[in-house]
1. What is the calculated FRET efficiency for B:Met1 to A:Lys118, with r their C-beta to C-beta distance and R₀ = 45 Å, to the nearest 0.05?
2. Starting from the exponent 0.38 and prefactor 2.2 Å, build the expected Rg for the stretch B:2-257 from its residue count and divide its actual Cα Rg by it.
3. When you look at the Cβ of every residue in A:50-60, what mean number of other chain Cβ atoms sits within 10 Å?
4. Hey, could you get me the Stokes-Einstein D for the stretch B:95-151, Kirkwood radius over alpha-carbon pairs, 20 °C and 1.002 mPa s, rounded to whole µm² s⁻¹?
5. Setting aside same-chain residues fewer than 8 positions from B:Lys182, which lysines have a Cα under 30 Å from its Cα?
6. Set the bar at 19 Å for Cα to Cα. Now go through A:Lys106/B:Lys6; A:Lys13/B:Lys150; A:Lys12/B:Lys148; A:Lys45/A:Lys106; A:Lys9/A:Lys45; A:Lys13/B:Lys258 and name every pair that lies beyond it.
7. With r as the distance between the Cβ atoms of B:Lys225 and A:Asp144 and R0 = 60 Å, compute the FRET efficiency 1/(1 + (r/R0)^6) and round to 0.05.
8. What does the average come to when, for each residue of peptide A:95-103, you count the partner chain Cβ atoms lying within 10 Å of its Cβ?
Amino acid sequence: MIQVTNLNKRFKKNHVLRDLNLELNQPGITALLGPNGSGKTTLVKSILGLVITDTGQILYDSKETKGQFLYRHQISYLPQIARFPENLTGRELLQLMKSIRPNPVKEEMLLNLFELHKELDKKMSEMSGGTKQKFNLVLCFMYDAPTIILDEPSTGLDPLALIALKAYLIEEKKKGKQILLITHILNLVEELADNVVFILDGKIYYQGGIKELIEKQQVQNLEIAIANILRTDAANS
Amino acid sequence: MLQILKYSFFDMIRNRWTFVYMGFFLILTVALFLLSNDITKVVLSMTNIILYLTPLLGILFGSMYYYNSEEFIELLLAQPLSRNAVFTGLYLGIASSLSISLILGVGLPMLFFGALSSPELPAVVLLLFLSVVLSIIFSLLSFIIAMKFKNRIKGFGISIFTWLFFAIIYDGIFLLILLLFKDYPLEKATLGLTVFNPIDLSRILLLLNLDESAMMGYTGAVLQKFLGSQLGTYMILITLALWIIIPFLYILRIGKKKDI
Ligand SMILES: Nc1ncnc2c1ncn2[C@@H]1O[C@H](COP(=O)(O)OP(=O)(O)OP(=O)(O)O)[C@@H](O)[C@H]1O
Ligand SMILES: [Mg+2]
């Protein structure tokens, strides 16, 4: 469904994505891993057309995405940092979103899930970080798109909200959705992900199952496997 | 695009700075009327104030609004909306609220103090029209600056400098050139130079139509000599239109290439 070929992106001299190739075809949850600053956010922003890439191609459902916008109907995106117009209340923000993109299907259910009803009349600028993140999640999930891209969805969530999030993602996975999950929390990966994609030095270092990744590194668990990869990479550079 | 316009318009309307802006022009106009009951004099003093202030306030409001909308832009562009629609909607939101504030702030006192029945009515209308045009042009410039410079302090600095340039420095350079080359026939060259300054253009347009030739200044006189008032007026209007169209298209162009 998503096909990235020879993608390059530079920010000034900083060559972030280097001839990156990636195919994400199966439904299910794919974890996108990689150290800080490795280009995970840049990659998903490129897929959404938020970051304009230098060269290379990104296809969604076999169609070119460059300069297009309608394909974003098929994608729900959760940005890494929940940033909203500050002087809106939660209710107004939802209203605004609905006027831009009509027909949310699950708004009420999500407000219940994250217990947001009591926060609806607070201004975004006065909300706690975790509450903002919950609104971020509601905005992202309220449309029924076949592809969901989440950039660190667990940031700032309390344990109850985290449990709700995990349960929700498992439900969506069962419906056959394609979910791309960026996270540094390996527990989350082990619990949820069917596959992992590991990005390193602007390229895909590994794509495949979790078990295979652990076996390849000849270690006991995912955490050590990843730490190993990072150490070797640091030693080589 | 219309929803974005609607939102950014209402967002501006709710912003207390919009009221400060409108209130400022309201108080200014009323004060001028209280100082002198002669509408002709009021229009003349307003002319100078408006020619300098609307560009300054337009450029400051524009950059402020753009920087404050960055989050909103990110949210919008992750949705199935085109970049053109997002940036156009956002811009029209601020341009329309600035224009309405100006028209109300200046227009209401004018109405109240009898502009409709005064022989100065055309001048008042022209003044209002030019103040709107100048706000549009300078808020466009402010969007360009804010889109180009991520750093707000830099952006505001450059905005203020841009205003200073068109409002003051430009005239200085202009005079300097006239002085340095006073032995050459420079009439056409000065006309050419004026084209690059929307504030000068507006001033000349006003004075061409105000029957105050004495205040028209050098370029105004040259323009009248070469083109006559009517043709001169058309030329200026066309140039002002270009001052709106070109920056607007440039905004769309930057918008297409910008990393969010
Ligand atoms: N708008 C931008 N302008 C300049 N440089 C940028 C911009 N966005 C990202 N970068 C740079 O690109 C590189 C990759 O950043 P990116 O945000 O994609 O990393 P990441 O993998 O998401 O990291 P993290 O795990 O910390 O979220 C970094 O070096 C960052 O400094
Ligand atoms: Mg990131």
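Read the figures in this text as sums done on the coordinates, not as results from a lab. Because the structure is a prediction, the values reported are computed rather than measured. As a convention, Cβ positions derive from the backbone with ideal geometry for all residues, glycine included, and neighbour counts pool all protein chains shown.
1. Values: r = 34 Å, r/R0 = 0.77.
FRET efficiency, B:Met1 to A:Lys118: 0.85.
2. On the way: Rg = 19.2 Å, N = 256, 2.2 N^0.38 = 18.1 Å.
So the Cα radius of gyration is 1.06 times the expected 2.2 N^0.38 Å.
3. Numbers: counts 8, 3, 6, 1, 0, 0, 0, 0, 0, 0, 0.
Other-chain Cβ atoms within 10 Å of each residue's Cβ, averaged: 2.
4. Values: Rh = 12.7 Å.
The Stokes-Einstein estimate is 169 µm²/s.
5. Reachable lysines: B:Lys225.
6. Working: A:Lys106/B:Lys6 25 Å; A:Lys13/B:Lys150 17 Å; A:Lys12/B:Lys148 14 Å; A:Lys45/A:Lys106 25 Å; A:Lys9/A:Lys45 11 Å; A:Lys13/B:Lys258 17 Å.
Listed pairs above 19 Å: A:Lys106/B:Lys6; A:Lys45/A:Lys106.
7. Values: r = 69 Å, r/R0 = 1.15.
Computed FRET efficiency for A:Asp144 and B:Lys225: 0.30.
8. Mean inter-chain Cβ contacts per residue within 10 Å come to 4.
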